[in-house]
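The values are calculated or read from the model by the stated rules, or taken from the named source; none is laboratory data. Only a predicted model underlies this, so the values are computations on that prediction, with no experimental measurement involved. Cβ atoms come from the backbone with ideal geometry, glycine included; neighbour counts cover every protein chain shown. Remember, those area values only see protein heavy atoms, side chains included, never the ligands or the DNA or RNA. Shrake-Rupley method; radii C 1.70, N 1.55, O 1.52, S 1.80 Å.
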Amino acid sequence: MKLTPAEEQLMQFVWKHKKVVLKDLIESYENPKPAKTTVATTIKKLIDKNFVGYEEIGSTRLYYPIIKKENYFSKQMKNMIHQFFDNSTAKFASFFAKEAKLSKEELQNLRNLIDDELKNK
């Protein structure tokens, strides 16, 4: 499931801090900060999408991620590869290597990662 940019922004903060309260989420924004109701609505949508859970401590809700960042990112990458690269990871890798303007050292590191993956197959 794809998140909206606003949802993704909140999730980045939740993933980074593991457990947060609404006040923390509001404070994570630059000025001018959004209204409390706006942030509360967005976190509610994340709960409804099963990305965030919460536990109640007195009258406060402590929010935490249910979906791991790596799992979300992996699924989004697979969708992007499917949509834009004919479901070919090789086409994606070629595009990335050319367009990212990687240094020689970064390309060598990438080659080493690929070599390691080949050894493990």
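If Met77 passes every condition in (1) in a loop (DSSP other than H, G, I, E, B); (2) modelled with pLDDT under 95 but one, which one does it miss?
All conditions pass for Met77, except number (1).
Name the pairs: first residue in region 92-117 and closer than 17 Å to Ile81 by Cβ, second residue β-branched (Val, Ile, Thr) and part of a helix (DSSP H, G or I), Cβ to Cβ under 8 Å, at least 6 apart or on different chains?
That search, which allows pairs on different chains as well, returns Phe92/Ile81.
Collect the residues in region 100-117 that are within 20 Å of Ser74 (Cα to Cα) and part of a helix (DSSP H, G or I), keeping them in residue-number order.
Leu110, Leu113, Ile114, Asp116, Glu117
Assess whether Lys16 counts as being more than 30 Å from Ile114 (Cβ to Cβ), modelled with pLDDT of 90 or more and open to solvent by 90 Å² or more (accessible area, probe 1.4 Å).
no
What number of residues within region 63-121 satisfy the criterion of being open to solvent by less than 100 Å² (accessible area, probe 1.4 Å), of a type in the set (Phe, Trp, Tyr) and under 30 Å from Val52 (Cα atoms)?
Residues that pass the stated criteria total 3.
If His82 meets every condition in (1) within 22 Å of Met1 (Cβ to Cβ); (2) touching a helix residue (DSSP H, G or I) at 6+ places or on another chain (Cβ under 6 Å) apart from one, which number is that one?
The single condition His82 does not satisfy is (2).
Tell me the residue from Ala97, Ala40, Ala90, Ala6 that is assigned to a helix (DSSP H, G or I) and under 16 Å from the mean Cα position of the chain (by Cα), please.
None of the others qualify; the one that does is Ala6.
Output the residue which, of all residues in region 3-13 that are open to solvent by less than 10 Å² (accessible area, probe 1.4 Å) and out of contact with any Ser or Thr (no Cβ under 7 Å at 6 or more places or on another chain), is nearest to Met80 (Cα to Cα).
Leu3
Tally up the residues in region 43-74 that are in a helix (DSSP H, G or I) and hydroxyl-bearing (Ser, Thr, Tyr), please.
Looking only at that region, the number is 2.
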